[in-house]
Structure formats: C-alpha cells, structure tokens
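The structure appears right after this line, and notes come after that.
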Amino acid sequence: VREIKPQAFRETIFTTGTLLANEVITLQTETAGIVTAINFEEGKPVKADEVLVAMDDVELQARAARAEAELALSSALEKRQRELMQASAVSGADYDQSAARLAIARADLELVRAQLAKRTIRAPFAGIIGLRRVSVGAYLTPGTVIGTLQDLSSLKLDFSVPERYYSFLRAGREVRFRMAGRNDVFTARIIAVEPAADLATRSILVRSILPADHGSLLPGAFVEVEVPLEEIPDAIIVPAIALVPGLSRQIVYVHRNGVAEEREVRPGMRSATGVQILEGLAPGDQLITSGVLLLRPGMKIETRPVRDGRPDQT
C-alpha cells in the first residue's frame, strides 16, 4: 500500500502542431491578360509595394486617355454652365445636367484607372517570394497562380488542445516544441486562442509566436508540442497500475481495517509519473498499488508499505 499524500503537480498537454509564416499569400491575377514583365527572382526577398508582374495594358491606356479627354470637356462645360446660370442665362436644370455629366466622366476615369492598377501585381508586404508559375508572354486568366509570398521575419505555431483546457490557455503562456529528427527544444509564446471549439474534434485552436531568431525553422514543419499548465500545489497522484478501468467508471482499492475497500474515482491528467485523481481519494487513504485485479470489495488482505516504488523490506 501507499499512503496518499498531496504533492505538487504540473499538468502538461502533449499535442502536435504546424509552423506557419508570419504572413503568407498566393499571388494571383484578378483580370485576364498577357504577361509583359516579371520583375522578381525566385526565392529572393522583395519589398512591400514592389511591382512583381506587369500585364499588357495598351487598350486600357487608350481608354484612360479617352476618359481624361471626356473629363476635361465635361469640366469646361460645367464651368461655362455655372457662369451662365449665375447670370440667369440658363436654367438650373441645364446646369444640373452638365454637373451630372462631369461626375460621370470622373467616375469613368476612376474605373479605368482601377482596371489599370489590376494589370500590375505588387507585393502587399515585404517577404520571400517562392517559385514562379508563369512566364513572360503567358496568357493569364482570373485566379491564375503566379507564386507565393511569405513573410519570414517571424514564425507562428498553430496547435490544438482539448476544449476542457480552454481556461488555462492565456496569452503570454510559454510552450515548448520539438521537430522530428532533431533534439533541439524551441519555445514559443501564446498570442491568441480561438474562442470556439471545433465541432468535429471538440478541440481549441491555439496560436503562438516564435522569437525573431528562429534560426533554420521553416513554415510547414510538423512539430511535437508541450503545453505546461498551472501547477497544482496539493494534487493527489496515484500510479497508473492502481486504477482498475470499467465500462463506465474507474476504481481503486484502499486498505481499511484489514479489508480491501472499493472506491470509484474521477481521473484527471496523466503524466509520466502517475495519474491525477480529482475525486474519490483523500489524504491519508491507504492505496493498494499491486494485485488490484485479484481484489474484491471486502476481501481480507495483508499489506506491506511501499518506499520509492518498491516494497519496504523492514
């Protein structure tokens, strides 16, 4: 037997996660057209707002010139009509028509300029550009993938934990992780927690961020994550072999007045050293730790204390 004594216990969640870039996008085109220039090198850094791909815009440039001429003509007509209306030479209705034509001309020019802007694909943020999927002269349709752009100035780590641990997952908590095939232990800090559980897995998605000096770690890597939770100063921990699993409950046996007494318990976290018991045992109980599968409630027994995990020979 082993006497139950409260002890400090730190719960740790073991899960898996994936490393992500700080920002990542797939470069695509919104309009159809022919590629006239590619201004980036594969695998090289680019600056924010840098022009990456240019598409044929000859037709749109002509439409822009026409819209600018229409705007100039409408502006001159509106000015003339305004002066005439002030002199009571034209009606207010005539002036309203000229003002409306001026507004339409301005809108037409802005529309053409917006279409022209879509013919140039720029980097929305600074980062490393990946392999290109198109060549100069290629005809692109809306949605064609040109490449990827990733901001590697920092990395994020996403992982999931069971929903019952939601209250422990606070921003700023540190987590540890390892990559397959490497013995190095890295750290990250929780920055956000999904406020809803996944309906399929009943788990919570957690996002953490790595320090800026993340070294050779790359986005997409699969990692093993350890999430240390709050330390419980007076936890009841029992050896896993002391638990007798059933269909709908788990029990342990305690020594009481020379007989085995059955106790239904509610287990909590498991660790390498034992199982936390949330309900069913109290400090001072004499827990039976061996031969539990042979026991029956009320069975007379003789006990021997345990020290350091082995029977006390004294």
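Sub-8 Å Cβ pairs linking a first residue in region 261-287 that is open to solvent by 20 Å² or more (accessible area, probe 1.4 Å) and modelled with pLDDT of 90 or more to a second residue that is among the charged types (D, E, K, R) and not in a strand (DSSP E or B), at least 6 apart or interchain, are 263/285; 264/249; 283/5, ordered by first then second residue. If you go through region 195-208 one residue at a time, do you hit one that is out of contact with any Phe, Trp or Tyr (no Cβ under 9 Å at 6 or more places or on another chain) and under 19 Å from residue 23 (Cβ atoms)? No, that holds for no residue.
Scanning region 57-68 for residues that are touching a helix residue (DSSP H, G or I) at 6+ places or on another chain (Cβ under 8 Å) and either aliphatic (A, V, I, L, M) or assigned to a helix (DSSP H, G or I) (or both) yields a count of 6. Pairs linking a residue in region 8-29 that is in contact (Cβ under 8 Å) with a residue 40 or more places away in the chain and open to solvent by 10 Å² or more (accessible area, probe 1.4 Å) to a residue that is among the hydrophobic types (A, V, I, L, M, F, W, C) and not in a strand (DSSP E or B), with Cβ atoms under 8 Å and 6 or more positions apart or on different chains, are 11/168; 18/221; 23/125. Screening the candidates 236, 251 for the property of being modelled with pLDDT of 85 or more and under 36 Å from the mean Cα position of the chain (by Cα) yields one hit, 236. Restricting region 173-198 to residues that are assigned to a loop (DSSP other than H, G, I, E, B) and among the hydrophobic types (A, V, I, L, M, F, W, C), the residue that is farthest from residue 57 (Cα to Cα) is 185. Scanning region 73-94 for residues that are open to solvent by 40 Å² or more (accessible area, probe 1.4 Å), out of contact with any Ser or Thr (no Cβ under 7 Å at 6 or more places or on another chain) and assigned to a helix (DSSP H, G or I) yields 73, 75, 76, 79, 80, 82, 83, 84, 85, 86, 93, 94.
Which of the residues spanning region 199-208 are assigned to a strand (DSSP E or B) and open to solvent by 30 Å² or more (accessible area, probe 1.4 Å)? Within region 199-208, 205, 207 qualify.
Being out of contact with any Lys or Arg (no Cβ under 8 Å at 6 or more places or on another chain) and at negative phi narrows it down to one of 233, 283, so name that one. Just a single option satisfies the conditions, and that option is 233.
With respect to the conditions (1) modelled with pLDDT under 95; (2) of a type in the set (A, V, I, L, M, F, W, C); (3) surrounded by 14 or more Cβ atoms within 10 Å (Cβ to Cβ), residue 149 falls short on a single one, namely (1).
In summary, residue 172 fulfils each of the numbered conditions (1) open to solvent by 80 Å² or more (accessible area, probe 1.4 Å); (2) at positive phi; (3) not β-branched (Val, Ile, Thr) with the single exception of condition (1). Count of region 106-129 residues, restricted to those that are part of a helix (DSSP H, G or I) and either open to solvent by 20 Å² or more (accessible area, probe 1.4 Å) or more than 11 Å from residue 64 (Cα to Cα) (or both), is 10.
When residues in region 43-58 are screened for being more than 15 Å from residue 117 (Cβ to Cβ) and surrounded by 12 or more Cβ atoms within 10 Å (Cβ to Cβ), 2 of them pass. When region 87-113 is filtered for residues that are of a type in the set (Gly, Ala, Ser) and more than 43 Å from the chain's Cα centre (by Cα), the ones remaining, listed by number, are 87, 88, 89, 91, 92, 93, 98, 99, 100, 103, 105. The set of residues from region 130-172 being out of contact with any Asp or Glu (no Cβ under 9 Å at 6 or more places or on another chain) and assigned to a loop (DSSP other than H, G, I, E, B) comprises 133, 134, 135, 136, 137, 138, 141, 144, 169, 170, 171, 172. Candidates in region 1-56 are the residues that are under 30 Å from residue 258 (Cβ atoms) and outside any loop (DSSP other than H, G, I, E, B); of these, the one that is nearest to the chain's Cα centre (by Cα) is 7. Taken together, the residues in region 229-250 that are touching a residue at least 24 places away in the same chain (Cβ under 8 Å) and either crowded, with 18+ Cβ neighbours inside 10 Å or aliphatic (A, V, I, L, M) (or both) amount to 11. Applying the set (1) modelled with pLDDT under 95; (2) open to solvent by less than 60 Å² (accessible area, probe 1.4 Å) to residue 158 leaves exactly one unmet item: (1).
The values are calculated or read from the model by the stated rules, or taken from the named source; none is laboratory data. Just so we're clear, the structure is a prediction, and the values are computed from it rather than from any experiment. Note that we place each Cβ from the backbone using ideal geometry, even for glycine, and neighbour counts take in every protein chain shown. Surface areas here come from the heavy atoms of the whole protein model, side chains and all, with no ligands, DNA or RNA. Shrake-Rupley method; radii C 1.70, N 1.55, O 1.52, S 1.80 Å.
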